[in-house]
1. Just to be sure I understand, how many residues within segment B:195-222 are among the hydroxyl-bearing types (Ser, Thr, Tyr) and more than 14 Å from the chain's Cα centre (by Cα)?
2. Please specify each residue of segment B:344-368 satisfying the condition of being free of Cβ contacts under 8 Å to residues at least 24 places away in the same chain and in a helix (DSSP H, G or I).
3. Which of the strands (runs of 3 or more DSSP E) found entirely inside segment A:45-119 contain at least 2 residues meeting this: within 14 Å of another protein chain (Cβ to nearest Cβ)?
4. How many residues does segment B:372-392 hold that are part of a helix (DSSP H, G or I) and either open to solvent by less than 10 Å² (accessible area, probe 1.4 Å) or under 20 Å from B:Gly435 (Cβ atoms) (or both)?
5. For segment B:187-221, name all the residues that are within 14 Å of chain A (Cβ to nearest Cβ), over 22 Å from A:Gly30 (Cα atoms) and in contact with a strand residue (DSSP E or B) (Cβ under 8 Å, 6 or more places away or on another chain).
6. Among the numbered conditions (1) part of a helix (DSSP H, G or I); (2) at pLDDT 90 or above; (3) open to solvent by less than 30 Å² (accessible area, probe 1.4 Å), tell me where A:Ile416 comes up short.
7. Quick one: which residue in B:Ser139, B:Ser92, B:Ser151, B:Ser117 is hydroxyl-bearing (Ser, Thr, Tyr), more than 19 Å from B:Tyr405 (Cα to Cα), away from every other protein chain (no Cβ under 14 Å) and touching a residue at least 60 places away in the same chain (Cβ under 8 Å)?
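The values are calculated or read from the model by the stated rules, or taken from the named source; none is laboratory data. Everything numeric in this text was worked out from a predicted model, so none of it was measured. Please note: Cβ atoms are built from the backbone with ideal geometry, for glycine as well, and neighbour counts cover all protein chains shown. Ligands, DNA and RNA are excluded from the accessible area calculation, which covers all protein heavy atoms including side chains. Shrake-Rupley method; radii C 1.70, N 1.55, O 1.52, S 1.80 Å.
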Amino acid sequence: MTRDPDRVYEPVIGLEIHVQLSTRTKMFCGCALSFGEEPNTRTCPICLGHPGVLPVINAEAVHYALMIGMALECEIADRSIFHRKQYFYPDNPKAYQISQYDVPICGAGQLDDVRIHRAHLEEDAAKLVHAGASGRIHSAEHSTVDFNRAGTPLVEIVTEPDLHEPKAAGEWLRLLRATLKRLGVSDVNMEEGSLRCDANVSLRHAGSATLGTKTELKNMNSFRFLERGIEAELKRQEAILRDGGEVEQETLHFDPQSGTLSSLRSKEEAHDYRYFPEPDLVGVAPTQAMLDRAREALPELPAARAGRFESELGLPADTAKLLAFRSELGDLYEEALSADGVDPKTLANWVTQESAAADVEPAALAKLVVMVSEKAVSAAAARQVLGVLASEGGDPAAIVEQQGLGAQGADELREIVDRAIAENGDAVEKIKAGKSQAIGAIVGAVMRETKGRADGGEVQSLIRQKLEL
Amino acid sequence: MTELAQLTAAQAAEKIRAREVSADELWTLYRERAAADDLNAYMWVADEPDGGDGPLAGVPLAVKDLFCVEGVPSYAGSRILEGYRPPYTATSVSKLREAGAPVLGKTNMDEFAMGSSNENSGFGPVENPWDRERVPGGSSGGSAAAVAAGSAPWAIGTDTGGSIRQPAALCGIVGLKPTYGAVSRYGMIAFASSLDQCGPLTRDVTDAALLFRHMVGKDPCDSTSLEFPEDITLPSTESLDGVRFGVPPELTGEGIEDGVKAVFDETLKKIEGLGGKLEEVALPHSPHAIAAYYVIAPAEASANLSRYDGVRFGIREGNGDLLSMYEETRAAGFGAEVKRRIMLGTYALSSGYYEAYYGRAQRVRTKIADDFREAFAKVDLIVTPTSPTVAFKLGERTNDPWAMYLADACTVPMPLAGIPAISIPGGLADGLPVGIQLAGPAFSENRIFDAAYALEQAIGFEEGPWRDA
Amino acid sequence: MIDREQVLHVARLARLRLTDDEVERMSSELSTILDHIEKISELDLENVEPTSHVVEVENVLRADEPRESWPREQILEPAPDAADDGFRVPSPGQ
């Protein structure tokens, strides 16, 4: 390959997401799911892979998979079967994982502008605990296997490579998470591992249809790490390509602490999974009753929610989307909205533009927004109150009172403005001479005296009024 | 004492119910015999009876070591499971215990049910009580030898390619492979999941029907098990009037040794004498059955045996690193035949070879099932010799795997199609027993028992070590 | 038909360590067996569906009701190397 420093490369990103389902029992046995229980206390001969045991499919896991498929607008297979995916690893008790291969329960679908390739059911592996000091594999001599997690139901969702920017990948994953959260099928907690995301990353020549060699980034456990990891990998690949080299197909791990990528597995070491249909299970052919039950269980999904925010509440499209596509924000917004006298648009702006709002009780946030609308407190002062609410909680009115942040009465403010005008003669001269920016000095004086409680816009208009501008 | 030992299981059960014979007496008799067995038929003998009250109360049952019995050594004929005592009991054994039959002991077998002579056991071969220099057949060689020698009134075994029927034939007793799905596989250490079935090995057809009646039933722990659509009746008819028997040239000509052929031809005459109608029916794909079987069974076995890895149970070897643990454990624990089949199965499923081997074999399987369906449109039952030869000498075929595999030529097509088949003693050839096989469509066991019973009466086979023991 | 290289590759997939003797023997035995199995390539199997399941039922599903798990001591008892609370193995990645 020749070097061409001017050639533009376009990122091509696909995601593979594993969702742990919040059913009561495991995928193929009746053990209850574990939440930090003592190791190896949620097991049985089946999830331990003892000789002679047989799996039996969890009906609720199938129901959740159907709900996920419908929420992602996937084609639901008339009949799907399970396959054995074979590989040896201590966290894999049967040395094969029961998964789905070429006949998955859900086929092609769509979520926002990313196409879904497929979604299928499978069982989770056990947990390997490493005995070394740092807890990392490489320093340990022994590991201990905890089978509590083994057999937990998973849905694996694979997207088409429709993402072209790390940030877009992060945003889309947030949308997927919001969707799954609304469905109530999973805790979708990335830190705890109930939502896990791998990314397939490659670069292609801009405008070309030919895809470059892709690498797989495994298991990034936060949205930020996902974005940073993809970004780091794109940089790495670009450097190789610009240098005239070729990207090798491999599996990589991104270390967020150091920001570096390390290889886990090269193509040569890639597994031969030797898939074949699972003979111990029969096919899943969703009946009309099963399909109806899944469809009826679908709540309002983010896209529909965004549409409702636009049409019923008059929110601009961007804001509506932002609120609906991030479940915590949307939930906070709707709860705050139920308070009396809150203007939907104003509330929406506060929720989407002030990061501290996310940590405030909905009722308190609503009350604060109303106070601003009624001019009982200036926007600037309200931001201060928001900060207090976010870190300590409490009642907005009380905080305003305690910290003396209440807006001035109109008369009081006029008096202060008059004084400021009187004390800033030079600025007044400049304004009258045409230098309108000089108003800033007078505004500043007023703000200082009111300790920021006045509303900047209102102060400006009062000054203008007084000076008959 | 001798008369007690001559009772069939059904007769003994009746006498125990009528209080003419005591369960204790019967237990003591058989327990002593089992403990004194010198054919190497037993791996373990119980101290105390553990059956309940029920129709089978008091009639001790020998159980192939492939069945998990909680707390009882269950090694599946393999060194890799040496020391293993399962934490649960197989459904079929539980059902029989509940029906009253106490577990007498665990019988020796070919390792992981792979073999046709019981020479593949990790714990030494079993001798045929008819001639101790000959094999009893396999893989349920221990169960067959025990029943034939009179050290157990009846036994259960498993049949995947002929492992109940062929040893029954070589030992001059009755053995049934049920319809696939009729008996639960839960707790039966898996060899080839889509072929394995549990079945009775008994002194006569009535005993087989009685034992079978208490084994059948859909088990929630086995997704491939089915409800038997009729009650199992004990046979009583002595006529074969109106019963049409198909004779397939592919399984009754070439490869069948003269002595066996002679007994088979005699049997055909007896069938006609009882009013049965004989008709030639082709099973055109049955010559390919062994080839298909020796792809499918090893493929499934290779996956089923991957769990024997030294982590959770069984033996462990190795020099301290993970790869060595896997490789050395499995090298030390598995015998030659098992290794051969694991290699064959792994190869057949490996990347690039799946379609040519496993894919094709599964299609051959469809054709074999179609052949039977077409045949059973014209006849009620199919009759063949069970084994092409009488019991061969120990060591005679151990150096030629394919020659050993050919022992299954007549028995392998039925499990591929999932249909039931029984073997009953037809006569002697050179002083050694010859088995006659009757096969029928799925769930035709009652018809099979009826025909087998009538034939049994007409044949009047009165030979066998158990009759003089 | 199946040479030494392939035998070693398959043995690695199956995590079986074979002695040199075994590798040689395996190579010839498997080749012989595969020759016999080749028989199935003679058949015309176009348009024939593979049988992946003999039993023709569907939707055998289990209610999502918890069942008591086994006590830890009982499941650790058969372990070749049991730590206090788990199954010890040599670490991967060494």
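1. Within segment B:195-222, residues that are among the hydroxyl-bearing types (Ser, Thr, Tyr) and more than 14 Å from the chain's Cα centre (by Cα) number 1.
2. B:Tyr347, B:Glu355, B:Ala356, B:Gly359, B:Arg363, B:Thr366, listed by residue number.
3. A:83-86, A:96-99
4. Residues meeting the conditions: 2.
5. Across segment B:187-221, the qualifying residues are B:Phe191, B:Asp196, B:Gln197, B:Cys198.
6. With (1) part of a helix (DSSP H, G or I); (2) at pLDDT 90 or above; (3) open to solvent by less than 30 Å² (accessible area, probe 1.4 Å) applied to A:Ile416, the lone miss is (2).
7. B:Ser151
Per-residue answers, yes or no, for (1) in contact with a strand residue (DSSP E or B) (Cβ under 7 Å, 6 or more places away or on another chain); (2) within 9 Å of chain C (Cβ to nearest Cβ):
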site: B:Arg330; (1), (2): no, yes
site: B:Glu355; (1), (2): no, no
site: B:Ala361; (1), (2): no, yes
site: B:Lys367; (1), (2): no, yes
site: B:Asp370; (1), (2): no, yes
site: B:Glu374; (1), (2): no, no
site: B:Leu381; (1), (2): yes, no
site: B:Leu406; (1), (2): no, no
site: B:Cys410; (1), (2): yes, no
